[in-house]
1. Can you check how the C-alpha radius of gyration of the chain compares to 2.2 N^0.38 Å, as a plain ratio?
2. Provide the per residue accessible area, probe 1.4 Å, for the chain, rounded to a whole number of square angstrom.
3. Per the 1.4 Å probe, what fraction of the accessible area of the chain, in percent, lies on carbon and sulfur atoms?
4. Can you tell me the length gained on complete extension of the stretch Arg46 to Asp32, counting 0.36 nm per residue apart and subtracting the Cα distance?
5. What 222 nm value per residue comes from the helices of the chain, counting each DSSP H run with n ≥ 4 as -39,500 (n - 2.57) and dividing by all residues, nearest 500 deg cm²/dmol?
6. Quick one: helix 23-35 against the long Cα principal axis of the chain, what's the angle to the nearest 10°, folded into 0 to 90?
7. Output ³J(HN,Hα) for region 37-53: one whole-Hz value per residue in order, computed from phi by the Karplus curve 6.51 cos²θ - 1.76 cosθ + 1.60 with θ = phi - 60°, and x for Gly and Pro.
8. Report the relative contact order of the chain, percent, no decimals, based on alpha-carbon pairs under 8 angstrom and at least 6 residues apart.
Amino acid sequence: MAHVGIDSSIGVFVVPGVEAARPEQIAPLYWDLHTTRRDEAELVFRLDGTGAPRP
């Protein structure tokens with residue numbers, strides 16, 4: 001069992017000036033956790049200052 005922490009609002013801007021994540025940005029993290037990183041307990045999704053997912 002694993003957990004994906006999402007450090008962002010999704011789809012709707014909640015904090016003025018802070019980018020919201022799109023579901024299609026988050027989905028690959030779930031897929032990666034399910035298919036290739038099965039030994040990890042947690043992955044965290046974050047956006048950088050430009051609104052792109054941080055590695």
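The values are calculated or read from the model by the stated rules, or taken from the named source; none is laboratory data. The shown structure was predicted, so the numbers you read here are calculated from the model rather than taken from an experiment. Here the Cβ is made from the backbone with ideal geometry for all residues, glycine too, and neighbour counts use every protein chain on show. When the accessible area is computed, the model is the full protein with side chains, heavy atoms only, and any ligands, DNA or RNA have been set aside. Shrake-Rupley method; radii C 1.70, N 1.55, O 1.52, S 1.80 Å.
1. So the chain has a normalised radius of gyration of 1.17.
2. Result: 76 Å² per residue.
3. 57 percent
4. 3.5 nm
5. That calculation yields -7500 deg cm²/dmol at 222 nm.
6. Helix 23-35 sits at roughly 10 degrees to that axis.
7. Whole-Hz 3J(HN,Hα) from phi for region 37-53: 10, 5, 8, 8, 8, 8, 10, 10, 9, 9, 9, 8, x, 9, x, 8, x.
8. Result for the chain is 43 percent.
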